[in-house]
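The structure under discussion appears below in the form of structure tokens.
Read the figures in this text as sums done on the coordinates, not as results from a lab. Since we're looking at a predicted model, the values are computed, not measured. In this analysis, Cβ positions are derived from the backbone assuming ideal geometry, glycine residues included, and neighbour counts consider all displayed protein chains.
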């Protein structure tokens, strides 16, 4: 299951080429449209990517991820979804739910009711700044979080960061509300203390700029 059309979430799909790969119709369409160019660009630019991360003093986890990508890029082949859905679809013991446009044009989650486990994609990050720069109203993201909260999960698996409890949904909500409030307030703003140690720290200013 591909939750959304960001390359770090679909770029490794070729590892699952022998099984069905599911995504929402919008996500699949986006992957087929932008995926070939993304793979071509990566093969051209990956040689300088590690140097850029060093210059940016990126987190070690991000650099380690990049090193693994560098090793695999030469054999990278775009593998788009083989099955699509809209709305909701029942699977064997699970359900996939399309939450609409929030982080991307179509964000989906996977809900396993028996174990009360929610795979939230990039709609939730644990100790990681969310990305609100795609131009979609924050209200739609907050509505998606409300929908996930209604499921009452015991465990939330985020798109970035370690698995957490249901408090991860409330934390994501507070983060979005905080960024929206600061973006509406004139002046420069530092990262609030609650978020200074989070991954992708550059995302905070990018979010402010996008929402202004």
Problem - Sorted peptide list for 14-22, 29-37, criterion being average Cβ within 10 angstrom, highest first - result: 29-37, 14-22
Completion exercise
If 189, 160 are placed from fewest to most neighbouring beta carbons inside 10 Å, the sequence is 189, 160
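If I take every Cα pair under 8 Å that is 6 or more residues apart in region 50-121, average their sequence separation and divide by the length, what percent do I get for the relative contact order? Write out the running numbers ahead of the final one.
Numbers: 61 pairs, mean separation 11.3, N = 72.
With pairs under 8 Å counted, the relative contact order is 16 percent.
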Exercise for the section: Round to the nearest 0.05 the FRET efficiency obtained for residue 142 and residue 49 when R0 = 35 Å and r is the Cβ-Cβ distance. Expected result: 0.55
Handout entry: Label-point gap, in nm, between residue 15 and residue 201 - each point 7 angstrom along Cα→Cβ
Key = 2.9
Handout entry: Between region 1-44 and region 144-187, the alpha-carbon center distance in angstrom
Key = 25
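Could you work out [θ]222 nm for the chain from helices alone, using -39500 (n - 2.57) per DSSP H run of at least four and dividing by all its residues? Round to the nearest 500 deg cm²/dmol. Write out the running numbers ahead of the final one.
Values: 6 runs with 88 residues, N = 212.
Here the helix-only value at 222 nm equals -13500 deg cm²/dmol.
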Fill in the blank from the handout: Note: residue 127 to residue 42 extended length (0.36 nm per residue) minus current alpha-carbon separation gives 27.9 nm
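So how do 188, 54 line up by other beta-carbon neighbours within 10 Å, fewest first?
Details: 188 7, 54 11.
So the residues, fewest neighbours to most, are 188, 54.
Using the 10 angstrom Cβ neighbour count as an exposure proxy, how do 119, 7 rank, fewest first? All intermediate terms of the calculation are to be shown ahead of the outcome.
Details: 119 21, 7 16.
In increasing order of surrounding Cβ atoms, one gets 7, 119.
In whole Å, what three semi-axes, largest first, describe the equivalent ellipsoid of the chain built from its Cα gyration tensor (square root of 5 times each eigenvalue)? Don't skip to the end; give the middle numbers.
Details: eigenvalues 135, 122, 50 Å².
Output for the chain: semi-axes of 26, 25, 16 Å.
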Exercise for the section: State log₁₀ I(q)/I(0) for region 145-189 at q = 0.13, 0.32 Å⁻¹ as given by the Debye formula over alpha-carbon point scatterers of equal weight, solvent excluded. Expected result: -0.37, -1.15
Problem - Calculated diffusion of region 113-212, Stokes-Einstein form, Kirkwood radius summed over Cα pairs, 37 °C and 0.692 mPa s, µm²/s - result: 237
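Using DSSP, restrict attention to beta bridges with both residues in region 87-211 and report what percent are antiparallel, rounded to the nearest 5. All intermediate terms of the calculation are to be shown ahead of the outcome.
Values: 12 of 18 bridges.
Within region 87-211, antiparallel bridges account for around 65 percent of the total.
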Problem - Percentage of interatomic Cα-Cα distances in region 7-75 larger than 15 Å - result: 60
Problem - Percentage relative contact order, region 40-166, counting C-alpha pairs under 8 Å, at least six apart - result: 18
